[in-house]
């Protein structure tokens, strides 16, 4: 049984989808949002009832019943929204220059091609940038700049899973969540400022102020979680419209949850701090709706082959970035989930070895050797495995084996820029053996 | 940890606070530099302005219209001011750059923002002062400016940025109520600006000024003239 | 609040600050001996401050240039962070030269260095002690290009580590002469038996 909040969240998304699907026209273009969502706005907020005071009709108007942005629309320059866009435009100019932006044209066009497919008439309004960041994430700026982390591409098992997230981000853009959030925060802060004025006026205690700012923060967080739920609905809707398996949205959350569980990172959900609903809620709600939608589709695809053809030649770089975070539990869990997925296991076992090698204790080095041995003979095992293995053996003073591995590597890759260093390494091992 | 001697900078700072006259504080690499003697061409990089409304709760809401207008007003005011000093004015918009020299321009801009951050930290925050930099101003942006000299004929580059905020109606009401009913001071809008002049031939930052005050208004042309004049305090050009 | 009142308050605040200490001290040109771990001399003045497990020297502030002398790091620890902090890889006494380079790469990427590339790896001597020198470049997220030199020696079961990093277009070139002199004079004294 899902918790109450999740069921209400689900209700909103179902209602949203139903309204759109029956209309025959994609919801996110028709701007049916107001009718579909407005009705449920009160209930959406009720999903975080504990933290949120009731909204007045006027507030609902201001924060919830906001029209979707239209294709190629720019907000009028005198609006507060134009200010939000101005800052985003400047941030985008920086992002374009920054060193962690991936300039691989083929990969960017793969991602942007999918954005266009999902966004339809909004294709030219959304600009996607793949950035080299080893976390499962993507983000959307109010002006249509979408950042897609390599950590997301690495974890998505197919195009449908990736698109569930890209569609979610497009949802944030269409629903103008950034400006809504700015207004909400400004209003909360102003209310608190006046409240503290009133408290000071009657000589009230500070405890009362602490309590109200606590409520204020919880209120903003609950509001943001509703945005996430709304965006999840859009992601799902776009999968449905483009003929992708709608169960993929839940799938990617289940991958993430498995990874977090393996890494022992299960944190308790904190309504005061969480800007996003718990992954378990998202997986369950999206799964429930995805399962209900799937039978209504005559044909659906996952887009796995295309996705893998883009990801596999590049994923070694992204796995290396994850390993450089130097958190063994994290790397181990990520690689285990990828191993479950089962493609190019040789590469994955090699990297498990690399993650252990970094820790360098005798026990971890021995474990690294086990993984290297598991990699040998499987698909995708890189030649540099023998280099790594030779270095580990040298550190464990298994000298003869070390020399054998390093020589094998030099025979395979004689042009390695480290060849000279490796040869001197072999020499120094030989000297050591000779001396003893 | 040994405590260092009080630097001249701190004494100056203390002095001007006591006199309530330190809206700006500037540094010169060479106190004898006087641009009005040579009247060199000055390349003005696009003015970086951000204008915002301060809400009752202290949020800053960026106002795009004010910002756009302020950039126009400040540009105009700056042109007038520099021409008044006898300088020639080169705009980056009108200059023609090929790809290679454009890369030099972005490198110079990146160096400027990096070095400005170092200047702000080590010349304006007294606890971060560098002993070897005491009593001198010695900051460099590298050689990229030479490509700009070749393309534009300008000898100096001028960078201006301003962050300006104004109390909105809600904030004004809070300020007034708090001062009348509680006798408490609630801060209103602020103007923070930074201006720097760079010798493009060797990359040296020859003049740097920082402005910080609870006054100034870039929303009108007259206000922009006043702000530009204040921001160019100590600019190394003395009209005869 | 009137202007005079505010000025008075600011002056008072400033005086309180004056009672505290600044972060950087002057390092005069002379011979230095850091707790008998590093021995070197400089002919010019630097600014110096203590960071976690390191003494940092700089000419124009660490945004633009920094020369670190790390305290000797024992097996299983990182010179960059306390033990509890996981993101920096531990040093191990049995590291080969390639392991040391890998250790350097992972450590630098966790202080936000991108696109790290090595120009050279050379064996050197710090007095009697064998050491490795790596010359490298990297980019900051802003795309600012940086250049650096790392000297690493495994000595007496500890990692001796000196690291110089500076902005590449001006500051590296302006300082490299002085830095090379310092590095050339650098000695890791043999441990005095206690």
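The values are calculated or read from the model by the stated rules, or taken from the named source; none is laboratory data. In this text the structure is predicted, and so the values were computed from the model without any measurement. Note that we place each Cβ from the backbone using ideal geometry, even for glycine, and neighbour counts take in every protein chain shown.
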Enumeration of residues in the stretch B:41-61 that are closer than 28 Å to residue B:157 by Cα and either outside any strand (DSSP E or B) or touching a helix residue (DSSP H, G or I) at 6+ places or on another chain (Cβ under 8 Å) (or both): B:41, B:42, B:43, B:44, B:45, B:46, B:47, B:49, B:50, B:51, B:52
Residue within the stretch C:155-171 that is at pLDDT 95 or above, assigned to a helix (DSSP H, G or I) and within 12 Å of another protein chain (Cβ to nearest Cβ) present: yes
Answer from A:167, A:120, A:171, A:113 - the residue that is closer than 23 Å to residue A:286 by Cβ, out of contact with any strand residue (DSSP E or B) (no Cβ under 6 Å at 6 or more places or on another chain) and not assigned by TED's automatic domain parsing to the domain that holds residue A:250: A:120
The stretch B:76-104, residues that are in contact with a strand residue (DSSP E or B) (Cβ under 8 Å, 6 or more places away or on another chain) and under 16 Å from residue B:45 (Cβ atoms): B:78, B:79, B:82, B:87, B:88, B:89, B:90, B:91, B:92, B:95
From the options C:172, C:160, residue that is out of contact with any helix residue (DSSP H, G or I) (no Cβ under 6 Å at 6 or more places or on another chain) and crowded, with 23+ Cβ neighbours inside 10 Å: C:160
Residue satisfying all of: in the stretch C:90-127; facing chain A (nearest Cβ under 7 Å) and under 17 Å from the mean Cα position of the chain (by Cα); farthest from residue A:420 (Cα to Cα) among these: C:110
Selection count where residues are assigned to a helix (DSSP H, G or I) and farther than 12 Å from residue A:395 by Cα, scope the stretch A:415-425: 6
Output for the stretch C:128-142, where each listed residue is more than 10 Å from every other protein chain (Cβ to nearest Cβ) and either out of contact with any helix residue (DSSP H, G or I) (no Cβ under 7 Å at 6 or more places or on another chain) or not in a strand (DSSP E or B) (or both): C:128, C:129, C:130, C:131, C:133, C:135, C:136, C:137
Subset tally (residues that are buried (at least 20 other Cβ atoms within 10 Å of the Cβ) and more than 14 Å from chain B (Cβ to nearest Cβ)) for the stretch A:189-217: 0
Positions within the stretch B:208-235 being over 16 Å from residue B:80 (Cα atoms) and under 14 Å from the mean Cα position of the chain (by Cα), in sequence order: B:208, B:209, B:210, B:211, B:212, B:213, B:216, B:234
Residue within the stretch B:62-70 that is within 14 Å of another protein chain (Cβ to nearest Cβ), without any contact (Cβ under 8 Å) to a residue 12 or more places away in the chain and crowded, with 21+ Cβ neighbours inside 10 Å present: yes
Count of residues meeting criterion [at pLDDT 95 or above and surrounded by 14 or more Cβ atoms within 10 Å (Cβ to Cβ)] in the stretch C:27-38: 3
Residue count for the stretch B:5-52, restricted to those that are exposed (fewer than 13 other Cβ atoms within 10 Å of the Cβ) and at pLDDT below 75: 8
Residue check, residue C:112 at positive phi, at pLDDT below 95 and not in a strand (DSSP E or B): yes
Answer from A:310, A:272 - the residue that is in contact with a helix residue (DSSP H, G or I) (Cβ under 6 Å, 6 or more places away or on another chain) and closer than 30 Å to residue A:217 by Cβ: A:272
Check on residue B:58, buried (at least 21 other Cβ atoms within 10 Å of the Cβ), more than 30 Å from residue C:45 (Cα to Cα) and at pLDDT below 95: no
Hits in the stretch C:41-86 (condition: assigned to a loop (DSSP other than H, G, I, E, B), in contact with a helix residue (DSSP H, G or I) (Cβ under 9 Å, 6 or more places away or on another chain) and more than 19 Å from residue C:109 (Cα to Cα)): C:42, C:43, C:44, C:45, C:59, C:60, C:61
Residues (within 14 Å of chain B (Cβ to nearest Cβ) and part of a loop (DSSP other than H, G, I, E, B)) located in the stretch A:68-109: A:74, A:75, A:76, A:77, A:78, A:79, A:98, A:99
Residues located in the stretch B:71-105, provided they are more than 18 Å from the chain's Cα centre (by Cα) and within 14 Å of another protein chain (Cβ to nearest Cβ): B:102, B:103, B:104, B:105
Those helices (runs of 4 or more DSSP H) lying entirely in the stretch A:330-401 with at least 2 residues surrounded by 18 or more Cβ atoms within 10 Å (Cβ to Cβ) and away from chain C (no Cβ under 14 Å): A:345-359, A:362-375
Output for the stretch B:138-177, where each listed residue is free of Cβ contacts under 8 Å to residues at least 40 places away in the same chain and away from chain C (no Cβ under 14 Å): B:169, B:172, B:177
